[in-house]
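Engineer: What follows is a structure written as C-alpha cells; I'll ask about it next.
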Amino acid sequence: MSETNTLAAFYAFSGGAVWLLGSLLFIGFDKVNTQANRWLAAFYCILACTFTQLFLEGFEIGGGFLIHLLELPRWAMLPCLYMAVSHYASPSLPKKDWFLHFVPFLLFLVFSLVYLMPDLFNEQNHLPVLPPWIRFLVRYFFFGQTVYYWIVCFTLLRRHQKNLKMVASFTEKIDLEWLRYLLVSVLFLILIRILSISNIHVTYYSPILYFLGIILLAYSTLTQKSIYAIEPYRPAEKDETAPKKAMNERLTVEQVEELNDIVMRKTVGEKLYLDPSLTLSVLSAKIGISTHELSYVLNNGLGKNFYQFVNELRTEEAKSLLLSEDTKHLDMLGVAIRAGFNSKTTFYTTFKKATNLTPKEYIKANSAAS
C-alpha cells in the first residue's frame, strides 16, 4: 500500500467514527435533547457520506453513480447543523420555516434526478458535461452555504448565551459551552477544506487533519449536558427590544425610579438574591410586577441585566461572609452557596470582576488593613 493510500485510509476512520456518532445520537443516548440530537445525527450522517466518498475516490473504488449518490445530500448538511443548534438554543420556540433551509438541496436533488443521474447509468458511467455557470454553482455554492450557516449557528449560540443573562442568575449548566467547542471543531474542518484547495501540503495531510477534527467533534458531542428549561422565554430581540417602545410610552422617569426603589427594597431587604435558583420570572412574581417591567427597570434604571444585578448583590453578601467570624469554618464553596451562588465558578468569576481580587486575596487584603 502506497503512502498516499495509507493517508487516504484516515478517511475511512473519520467516516466510521462519524457514522457511529450519528447512530448514537439518533437512537438517543440523551433522552432530553432528542429533537436537537436527531438533527445533529442527520448532520453527522451526511458528513459521514462525504468522508466515505473521499475514501472511495482515494482508493478508486466504486463507480460514478455511487460517488454521486454519496455527494447528493451534501447541500442539506449545514442546514441540519443549523436546525440542531436552533433546537439546542431555543427548544421551546416553534421552527415554522425550517423547510426553507432545505430548498437548495431539494432543487439540487431534482436537478440530479432529471439531468445528471440518468447519464450515470449509460456505458460511460460519468456525469454529463455541464455549462460553466452550472459547474461554478455546483462547485462553490456549498462553500458559501457552509460559511453562511456556520456564522448563523455561532450567532444563534452567542444570542442564546446573552439571553440567559436576561433571565437567569446562573448559566454554567445551560450555557451550551460544549456546543461552542463543537462549532469550533466544525470551523476547523471548514478551514482544512479551504486551505487544501490552495496549499498542497495541507491537501496531502488533510486526511489526518480531518480525523483530528472528528475527534474534537466527538468529544464535544459526547460531553453535552441535558437541556432543562429554567423558564420559558423568548429571544432578547422579541422579549427585550420589542416592548421597549411600549415601555417608554407607559413608564415615566418617575415611575421607573419608583419601581427601581421597589425592586431594590424587596430584593435586598428580603435577601431574595440568596435563592440560588432565582430567575427573572421568579423575582418578578415575588416583587409583584411583570417580567417585562422588571427587565426594563433593571436595564434602564440600573443599567444592568438580571445576571449582573443578582450576582453583584451576592458578591456583596460574600464580602461580608468572608470577613465574618461566624463563617470562618466554611470553605469557599460553602461561602459561595451561603451567598446564593449556584457554583464556585460563578462565585470566583463574579467576585474577581467586582473587586479585582480573588476571595482569598480579599480576605488577606482586609485582614492586613485591619
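Engineer: Hey, can you tell me all the residues within the stretch 159-193 that are of a type in the set (A, V, I, L, M, F, W, C) and part of a loop (DSSP other than H, G, I, E, B)?
Structural biologist: Passing the criteria: 170, 174, 176.
Engineer: Just one of (1) modelled with pLDDT under 90; (2) under 30 Å from residue 313 (Cα atoms); (3) loosely packed, with under 14 Cβ neighbours inside 10 Å; (4) not aliphatic (A, V, I, L, M) trips up residue 177, so point out which.
Structural biologist: It fails just one condition, (3).
Engineer: So, one more: Over 17 Å from residue 349 (Cα atoms) and modelled with pLDDT of 90 or more: is that true of residue 286 in this structure?
Structural biologist: For residue 286, the condition - over 17 Å from residue 349 (Cα atoms) and modelled with pLDDT of 90 or more - is met.
Engineer: So is residue 304 outside any helix (DSSP H, G or I) and closer than 29 Å to residue 260 by Cβ or not?
Structural biologist: It is true that residue 304 is outside any helix (DSSP H, G or I) and closer than 29 Å to residue 260 by Cβ.
Results for (1) within 17 Å of residue 271 (Cα to Cα); (2) among the acidic types (Asp, Glu); (3) free of Cβ contacts under 8 Å to residues at least 40 places away in the same chain, shown as yes or no for each residue.
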| site | (1), (2), (3) |
| --- | --- |
| 313 | yes, no, no |
| 325 | no, yes, yes |
| 337 | yes, no, no |
| 359 | no, no, no |
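Engineer: Only one of these conditions is not met by residue 82: (1) part of a helix (DSSP H, G or I); (2) surrounded by fewer than 16 Cβ atoms within 10 Å (Cβ to Cβ). Which number is it?
Structural biologist: Answer for residue 82: the failing condition is (2).
Engineer: Quick one: in the stretch 186-224, which of the residues that are at pLDDT 95 or above and under 15 Å from the mean Cα position of the chain (by Cα) is surrounded by the fewest Cβ atoms within 10 Å (Cβ to Cβ)?
Structural biologist: Ranking the qualifying residues of the stretch 186-224, first place goes to 187.
Engineer: If you don't mind, there's one more thing I want to ask. Which condition does residue 321 not pass, out of (1) surrounded by 16 or more Cβ atoms within 10 Å (Cβ to Cβ); (2) within 28 Å of residue 162 (Cα to Cα); (3) free of Cβ contacts under 8 Å to residues at least 24 places away in the same chain, if it passes all the others?
Structural biologist: Answer for residue 321: the failing condition is (2).
Engineer: Being touching a residue at least 12 places away in the same chain (Cβ under 8 Å) and within 21 Å of residue 140 (Cα to Cα) is the filter here; which residues of the stretch 45-64 pass it?
Structural biologist: Once the filter is applied, which keeps residues that are touching a residue at least 12 places away in the same chain (Cβ under 8 Å) and within 21 Å of residue 140 (Cα to Cα), the stretch 45-64 yields 46, 47, 48, 49, 50, 51, 52, 53, 54, 64.
Engineer: Scanning the stretch 225-261 for residues that are basic (Lys, Arg) and in a loop (DSSP other than H, G, I, E, B), which turns out modelled with the lowest pLDDT?
Structural biologist: Among them, the one singled out is 234.
The values are calculated or read from the model by the stated rules, or taken from the named source; none is laboratory data. Note that the structure is a prediction, hence the values are computed from the model and not measured. Here Cβ is always computed from backbone atoms with ideal geometry, including for glycine, and neighbour counts include all displayed protein chains.
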